[in-house]
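The values are calculated or read from the model by the stated rules, or taken from the named source; none is laboratory data. Being a predicted model, the structure only gives us computed values, none of them experimental. Neighbour counts are summed over all protein chains in view; Cβ atoms, including those assigned to glycine, are modelled from backbone coordinates with ideal geometry.
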Amino acid sequence: MELTSEQRALRDSVRSLLRRHQPAAEASQTEPDGDPAGLWQKLCGIGVAGLAVPESFGGAGAGPVEVSIVAEELGRVLAPTPLLGSAILAAEAILGTGDTDACERLLPEMISGNVIGALAWTGHGGGWDPAVPAFHAAERAGGGWTLTGAAHYVLEGDHADVLIAAAQLPDGGVGLFEVDPAQPGVDRHLSPSMDQTRRLAVVRLAAGADRPLGAGYLSGRSGQAGGGPSRSGRAALARARDLACIALSAEQVGAASRAFELTVSYTGSRVQFGRSIASFQAIQHRLADLHVLVESARALAYRAAQVAALSAAGGGPPGDADPGAEVTMLAAAAKAYCSEALATVAGEMIQLHGAIGATW
């Protein structure tokens, strides 16, 4: 995909910032807050967190392609940021409800980096099915709702300032609720994973939620909610999932691309039997295969981003229903292919470095 001049400027700005602060990014992988040197704040300072947020809510009004450009750069350095959990999953879920009041209240703070959001959605099985949220909602006699259940794999969930919880409604619908993580009945803890750049948490709720988002869809009704049109809870979650898969695919492309570059450089300098190992035909064939793998992964990831951008541009006003089956299909295909591509390139990188060990 040929980038526009504005997209190239965005890529260069993010790459330059990450180059200046990469030592801090590496150190943050073992820090409790995940961002001791304020890397996320610096990225928010150049507008990264608000790229896909409409200008009416303080964002840049860009789209999935621009988000993918940033995600690819973050993947190149394994930067531990809440882009995926807060700026994409949580922000897109809020936008998807069509709740203007919630968007105006929450999104500007999330864009600035002052507030981190987390979407608590899936259960222990990790199915990410929009029709099967982790929580159950019961309407209280005196008004408001009570949510119960446990969500797993909640990105940024252990330290988020705002929780967006997906819950099954009594009528069988799916609703999104804003939950104050400081209130009684909220239990959350970090769930360590092999990838130290990802903060995954388990969130358990037996708590009240007096702020349903997009109240018009809570009973499956269409119409106005919170000052704007609402879409169904399932559609809001599906859209957030698709965009997160697309961004994650771009991040994986960035990591695979950098791993390939490091491998090419090493094989050119490593000497064996009096010549660089890059001159051996067997090595050249393997490197050529990796090059094709990285570029095909990049092509698929950006194709998914382009189709998602076109769907958003031609799919009517914000809050409309299903943004298109093609977006969902391409997002899933990109996620699957790029996951395998990164795993393959990383494995080849370790082997072609001559068993010097697996470094970060």
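Looking only at residues that are among the acidic types (Asp, Glu) and in a helix (DSSP H, G or I) in the stretch 50-100, which one is farthest from the chain's Cα centre (by Cα)?
Once the filter is applied, the top-ranked residue is GLU55.
Which condition does VAL179 not pass, out of (1) under 24 Å from LEU84 (Cα atoms); (2) at pLDDT below 85, if it passes all the others?
Exception for VAL179: condition (2).
May I ask you to verify whether GLU73 is surrounded by 24 or more Cβ atoms within 10 Å (Cβ to Cβ) and of a type in the set (D, E, K, R)?
Considered against the rule, which asks whether it is surrounded by 24 or more Cβ atoms within 10 Å (Cβ to Cβ) and of a type in the set (D, E, K, R), GLU73 comes out as yes.
Among the residues in the stretch 209-230, are any basic (Lys, Arg) and at pLDDT 90 or above?
No; the residues of the stretch 209-230 include none that is basic (Lys, Arg) and at pLDDT 90 or above.
Filter the stretch 309-331 for residues that are closer than 17 Å to TRP128 by Cβ, buried (at least 16 other Cβ atoms within 10 Å of the Cβ) and at pLDDT 90 or above and give the result.
Passing the criteria: VAL327, THR328, LEU330, ALA331.
Return the pair list, or none, for Cβ contacts closer than 7 Å from residues in the stretch 296-313 that are more than 12 Å from CYS338 (Cβ to Cβ) and touching a residue at least 40 places away in the same chain (Cβ under 8 Å) to residues that are charged (D, E, K, R) and part of a helix (DSSP H, G or I), at least 6 apart or on different chains.
Cβ pairs passing all conditions: ALA308/ASP242.
Just to be sure before I move on: is GLN272 farther than 30 Å from ALA325 by Cβ, out of contact with any Phe, Trp or Tyr (no Cβ under 7 Å at 6 or more places or on another chain) and at pLDDT below 90 in the structure I sent?
Spelling it out, GLN272 is indeed farther than 30 Å from ALA325 by Cβ, out of contact with any Phe, Trp or Tyr (no Cβ under 7 Å at 6 or more places or on another chain) and at pLDDT below 90.
I'm trying to understand the selection: among the residues of the stretch 171-184, which are out of contact with any Ser or Thr (no Cβ under 8 Å at 6 or more places or on another chain) and exposed (fewer than 14 other Cβ atoms within 10 Å of the Cβ)?
Across the stretch 171-184, the qualifying residues are GLY172, ALA182, GLN183, PRO184.
Could you list, ordered by first residue, the pairs with Cβ atoms under 6 Å in which the first is in the stretch 245-269 and under 15 Å from VAL77 (Cα atoms) and the second is outside any helix (DSSP H, G or I) and among the small types (Gly, Ala, Ser), at least 6 apart or interchain?
none
Give the residue that is nearest to ALA235 (Cα to Cα), with candidates limited to residues of the stretch 119-138 that are in contact with a Pro (Cβ under 8 Å, 6 or more places away or on another chain) and of a type in the set (A, V, I, L, M).
By that ranking, first place goes to ALA137.
With the structure loaded, tell me whether THR100 is touching a helix residue (DSSP H, G or I) at 6+ places or on another chain (Cβ under 9 Å), hydroxyl-bearing (Ser, Thr, Tyr) and more than 24 Å from ILE246 (Cβ to Cβ) or whether it fails that test. Give the steps one after another, and end with the answer.
Working: touching a helix residue (DSSP H, G or I) at 6+ places or on another chain (Cβ under 9 Å): yes; hydroxyl-bearing (Ser, Thr, Tyr): yes; more than 24 Å from ILE246 (Cβ to Cβ): yes.
For THR100, the condition - touching a helix residue (DSSP H, G or I) at 6+ places or on another chain (Cβ under 9 Å), hydroxyl-bearing (Ser, Thr, Tyr) and more than 24 Å from ILE246 (Cβ to Cβ) - is met.
Among the numbered criteria (1) touching a Ser or Thr at 6+ places or on another chain (Cβ under 6 Å); (2) crowded, with 20+ Cβ neighbours inside 10 Å, which one does PRO212 miss?
If we test PRO212 against (1) touching a Ser or Thr at 6+ places or on another chain (Cβ under 6 Å); (2) crowded, with 20+ Cβ neighbours inside 10 Å, just (1) comes out false.
Report every pair of residues separated by at least 6 positions or lying on different chains whose Cβ atoms are under 9 Å apart, first residue within the stretch 175-199 and part of a loop (DSSP other than H, G, I, E, B), second surrounded by fewer than 11 Cβ atoms within 10 Å (Cβ to Cβ) and of a type in the set (S, T, N, Q).
From the stretch 175-199, the pairs are GLN196/THR30.
If I ask for residues that are out of contact with any Pro (no Cβ under 7 Å at 6 or more places or on another chain) and surrounded by 20 or more Cβ atoms within 10 Å (Cβ to Cβ), which ones from the stretch 159-170 would you list?
Residues satisfying the conditions are VAL162, ILE164, ALA165, LEU169.
Does the stretch 269-288 hold any residues that are surrounded by 14 or more Cβ atoms within 10 Å (Cβ to Cβ) and in a helix (DSSP H, G or I), and which are they?
If the condition is that a residue be surrounded by 14 or more Cβ atoms within 10 Å (Cβ to Cβ) and in a helix (DSSP H, G or I), then ILE277, ALA278, ILE283, ARG286, LEU287 are the ones that fit.
Restricting to the stretch 120-149, give me the number of residues that are surrounded by fewer than 17 Cβ atoms within 10 Å (Cβ to Cβ) and part of a strand (DSSP E or B).
4
Can you name every residue in the stretch 234-282 that is in contact with a Leu (Cβ under 7 Å, 6 or more places away or on another chain) and among the β-branched types (Val, Ile, Thr)?
The answer is THR263, VAL264, THR267.
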